[in-house]
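See below for the structure under consideration.
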Amino acid sequence: MKQTAVESNPPDVVKANVIALVDAFERDVQIDHSSGPLVRLMTRLARHSQHDMEMCALALVQKQWPNAALAVLDVVESRYGSACSIDYHRAGAMRALGKLDESDALAKCALAADPTNLEAAIFLASNYRERGQLRAAAVVLHDYCQGAIARNETDNLLAALRFLSESVEIDIAAELCEAAIHSGLDDPRLIAESGKLALQLGEFELACARYKDILARMDRPHEMFSAQAISQTKKFTDPDDPDAALVFSALGAPGLSPTARASALFGCAKIYDDLGNFQAAAAALREANQIIHAERGWDEGEWSARVGRALQPELPRNEQGIDLNFVPIFIVGMPRSGTTLTAELLQKHPQVRSRGELNFMRQLDGYALSAPSQSRQDAVRHSAEIYATHLLRDDERFCFYIDKNPMNFLLLDLIFASFPSAKVICCTRSKGDVALSLWFQFFTSPLTNFCYSFVTLNRL
């Protein structure tokens with residue numbers, strides 16, 4: 001007979017309980033290598049609710065104890081019966097064990113039982129993405145988003161759309177975003193997301209319309225950087241352009257945060273530059289960059305250490321290599337030095353495919369460096385295998401694949417350790433031109449925090 005569910009504790013109590021349970025288990029394991037620690041953990045869990053036990057299983061997976069997590073989930077199921085949440089947490093444990101097919105199957109069961117489960121949808125899509133199966137990942141998220149639109153679940157829809165656009169397919173995310181708006185969902189955040197995606201895809205008229213809608217409807221639209229976005233949608237030639245007036249008016253909005261004011265100033269500077277008013281553009285840029293430099297700062301010591309490591313590699317080379325039937329090409333250099341143009345020119349060759357600016361190499365760098373020294377060779381090899389799947393994906397095959405993330409020059413040690421046969425193209429441009437071009441930009445990545453001061457730019 002299944003037990004009646006015990007009432008769950010408030011979230012802060014659950015968190016404290018889970019931390020205490022897992023900490024006690026880990027201390028126990030250090031002195032007792034038998035099954036005793038797991039038995040004692042089960043005893044401690046006996047008085048806890050189903051939710052608390054599932055959260056304990058989740059924490060065990062995060063702490064790299066997937067087998068213990070599976071044992072806890074078996075007890076939960078025997079005590080309370082099957083549930084889609086149990087399948088979901090089992091999927092996480094199976095992924096930690098490297099059993100991806102089993103993980104996929106469990107995540108599918110959880111999602112089939114509860115189609116509103118955002119975590120299960122993103123988890124399953126992540127599984128596919130990690131193996132380069134972007135089409136399968138896109139199908140999962142496309143189906144989930146369509147359901148969220150039908151259910152008017154704006155928060156979950158936005159989360160799924162952002163994952164889809166950042167990790168899988170931006171054009172599919174944009175299509176779904178427009179479908180949601182046309183279905184009657186008019187949440188300002190959704191409209192802003194539509195504008196952002198349209199801007200990234202070069203659909204400038206749509207982007208401008210969406211951001212103007214935000215300006216007209218929100219109490220604090222400039223915190224969403226709408227004015228700067230409008231400035232990016234066209235080249236301004238008429239000082240009386242009403243869109244220019246919208247951007248300029250942003251500076252007079254009450255209660256602007258420093259970052260929002262800086263964003264508006266970058267937008268004004270772009271328009272002034274388009275109109276040939278270079279003195280006004282320089283004044284706006286000077287204030288905008290001063291604000292962001294003061295807000296974010298720049299850690300020169302960390303930067304120097306990272307550059308030094310790239311020049312004097314610490315990671316062991318993947319001498320055996322992996323079986324590649326293609327050559328990876330990394331186009332690196334300072335931002336605004338011509339990496340995008342170089343990739344576009346190379347991709348004109350029928351045997352070359354550009355994957356844009358990938359961010360996976362930085363994630364893999366942390367994984368390789370955190371591995372114990374005796375297993376770093378295996379970590380480098382595994383990193384190469386993961387990265388190769390993201391280059392190949394599940395579409396047509398090419399002889400050369402390009403990653404044009406300019407900041408990969410900070411990761412040359414991992415690149416050459418993982419792919420001894422990789423080709424690296426380093427783009428250079430006049431230092432003054434690069435510095436001035438960077439000074440015009442408002443970046444989101446902390447890696448580019450050096451851009452907001454000519455003093456720091458001069459040190460690079």
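Out of the residues in the stretch 133-168 that are of a type in the set (Asp, Glu) and surrounded by fewer than 15 Cβ atoms within 10 Å (Cβ to Cβ), which is nearest to Tyr387 (Cα to Cα)?
Here the residue is Glu166.
Which of the residues spanning the stretch 131-179 are among the hydrophobic types (A, V, I, L, M, F, W, C) and not in a helix (DSSP H, G or I)?
The answer is Val168, and nothing else.
Given (1) more than 25 Å from Gln133 (Cα to Cα); (2) free of Cβ contacts under 8 Å to residues at least 60 places away in the same chain, identify the lone condition not met by Gly338.
Among (1) more than 25 Å from Gln133 (Cα to Cα); (2) free of Cβ contacts under 8 Å to residues at least 60 places away in the same chain, Gly338 violates only (2).
Consider the stretch 95-113. How many of its residues are over 22 Å from Phe360 (Cβ atoms) and either surrounded by 17 or more Cβ atoms within 10 Å (Cβ to Cβ) or touching a residue at least 60 places away in the same chain (Cβ under 8 Å) (or both)?
4
With the requirement that a residue be β-branched (Val, Ile, Thr) and either under 20 Å from Glu169 (Cβ atoms) or surrounded by fewer than 19 Cβ atoms within 10 Å (Cβ to Cβ) (or both), what does the stretch 358-399 give you?
Listed by number, the residues that qualify are Ile386, Thr389.
List the residue pairs whose Cβ atoms are under 8 Å apart, where the first residue sits in the stretch 250-279 and is touching a residue at least 12 places away in the same chain (Cβ under 8 Å) and outside any helix (DSSP H, G or I), the second is among the aromatic types (Phe, Trp, Tyr) and surrounded by fewer than 24 Cβ atoms within 10 Å (Cβ to Cβ), and the two are 6 or more positions apart or on different chains.
Leu275/Phe236
Listed here are the residues, each with its yes/no results for (1) over 30 Å from Ser373 (Cα atoms); (2) not acidic (Asp, Glu).
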| position | (1), (2) |
| --- | --- |
| Ile271 | yes, yes |
| Ala281 | yes, yes |
| Glu302 | no, no |
| Val307 | no, yes |
| Ala310 | no, yes |
| Leu315 | no, yes |
| Pro328 | no, yes |
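Looking at the stretch 400-425, which of the residues that are crowded, with 19+ Cβ neighbours inside 10 Å and not in a helix (DSSP H, G or I) is nearest to the chain's Cα centre (by Cα)?
Result: Asn405.
Which one of the conditions (1) outside any loop (DSSP other than H, G, I, E, B); (2) of a type in the set (A, V, I, L, M, F, W, C); (3) over 24 Å from the mean Cα position of the chain (by Cα) does Ala207 fail to meet, given that it meets all the rest?
Checking Ala207 against (1) outside any loop (DSSP other than H, G, I, E, B); (2) of a type in the set (A, V, I, L, M, F, W, C); (3) over 24 Å from the mean Cα position of the chain (by Cα), the one that fails is (3).
Can you say whether Glu385 is assigned to a loop (DSSP other than H, G, I, E, B), out of contact with any Gly (no Cβ under 7 Å at 6 or more places or on another chain) and modelled with pLDDT under 90, as far as the supplied structure shows?
no
Being over 17 Å from Gly195 (Cα atoms) and within 32 Å of the chain's Cα centre (by Cα) is the filter here, so list the residues in the stretch 220-243 that pass it.
Lys235 - this is the single residue of the stretch 220-243 that is over 17 Å from Gly195 (Cα atoms) and within 32 Å of the chain's Cα centre (by Cα).
This table checks each residue for (1) closer than 20 Å to Leu438 by Cα; (2) of a type in the set (Gly, Ala, Ser); (3) in contact with a Lys or Arg (Cβ under 6 Å, 6 or more places away or on another chain); (4) surrounded by 15 or more Cβ atoms within 10 Å (Cβ to Cβ).
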{"residue": "Ser304", "(1), (2), (3), (4)": "yes, yes, no, no"}
{"residue": "Val307", "(1), (2), (3), (4)": "yes, no, no, no"}
{"residue": "Asn325", "(1), (2), (3), (4)": "no, no, no, no"}
{"residue": "Val352", "(1), (2), (3), (4)": "no, no, no, yes"}
{"residue": "Gly356", "(1), (2), (3), (4)": "yes, yes, no, no"}
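Considering only residues that are over 19 Å from Ala159 (Cα atoms) and of a type outside the set (D, E, K, R), which ones fall in the stretch 200-213?
Once the filter is applied, which keeps residues that are over 19 Å from Ala159 (Cα atoms) and of a type outside the set (D, E, K, R), the stretch 200-213 yields Leu201, Gly202, Phe204, Leu206, Ala207, Cys208, Ala209, Tyr211.
Confirm whether Val14 is modelled with pLDDT under 90, under 23 Å from Pro66 (Cα atoms) and surrounded by 14 or more Cβ atoms within 10 Å (Cβ to Cβ).
yes
The rows are residues; the columns are (1) in contact with a helix residue (DSSP H, G or I) (Cβ under 8 Å, 6 or more places away or on another chain); (2) not in a helix (DSSP H, G or I).
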| position | (1), (2) |
| --- | --- |
| Trp298 | yes, yes |
| Ala305 | no, no |
| Arg309 | yes, no |
| Thr342 | no, no |
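Touching a helix residue (DSSP H, G or I) at 6+ places or on another chain (Cβ under 6 Å) and surrounded by fewer than 17 Cβ atoms within 10 Å (Cβ to Cβ), is that true of Asp171?
The answer is no for Asp171.
If we keep just the residues of the stretch 59-76 that are surrounded by 21 or more Cβ atoms within 10 Å (Cβ to Cβ) and over 17 Å from Gly36 (Cα atoms), which is farthest from the chain's Cα centre (by Cα)?
Val76
Being of a type outside the set (Gly, Ala, Ser) and touching a residue at least 40 places away in the same chain (Cβ under 8 Å) is the filter here; which residues of the stretch 130-156 pass it?
Within the stretch 130-156, Glu130, Arg131, Gln133, Leu134, Arg135, Asn156 qualify.
Identify the residue in the stretch 77-125 that is part of a helix (DSSP H, G or I) and among the basic types (Lys, Arg) and, among all such residues, is nearest to the chain's Cα centre (by Cα).
Arg95
Taking Thr428 as the residue in question, decide whether it is surrounded by fewer than 20 Cβ atoms within 10 Å (Cβ to Cβ), over 19 Å from Leu324 (Cβ atoms) and at pLDDT 85 or above.
Judged against the criteria, Thr428 is a match.
When residues of the stretch 27-42 are filtered for being in contact (Cβ under 8 Å) with a residue 24 or more places away in the chain and either surrounded by fewer than 14 Cβ atoms within 10 Å (Cβ to Cβ) or closer than 16 Å to Glu54 by Cβ (or both), how many remain?
2
I'd like to know if the stretch 407-423 contains one or more residues that are over 14 Å from Phe326 (Cβ atoms), free of Cβ contacts under 8 Å to residues at least 24 places away in the same chain and out of contact with any strand residue (DSSP E or B) (no Cβ under 9 Å at 6 or more places or on another chain).
Checked the stretch 407-423: no residue is over 14 Å from Phe326 (Cβ atoms), free of Cβ contacts under 8 Å to residues at least 24 places away in the same chain and out of contact with any strand residue (DSSP E or B) (no Cβ under 9 Å at 6 or more places or on another chain).
The values are calculated or read from the model by the stated rules, or taken from the named source; none is laboratory data. The structure presented is a predicted model; accordingly, all values stated were derived computationally and were not measured. Counting neighbours? That spans all protein chains shown, and the Cβs are built from the backbone with ideal geometry, glycine included.
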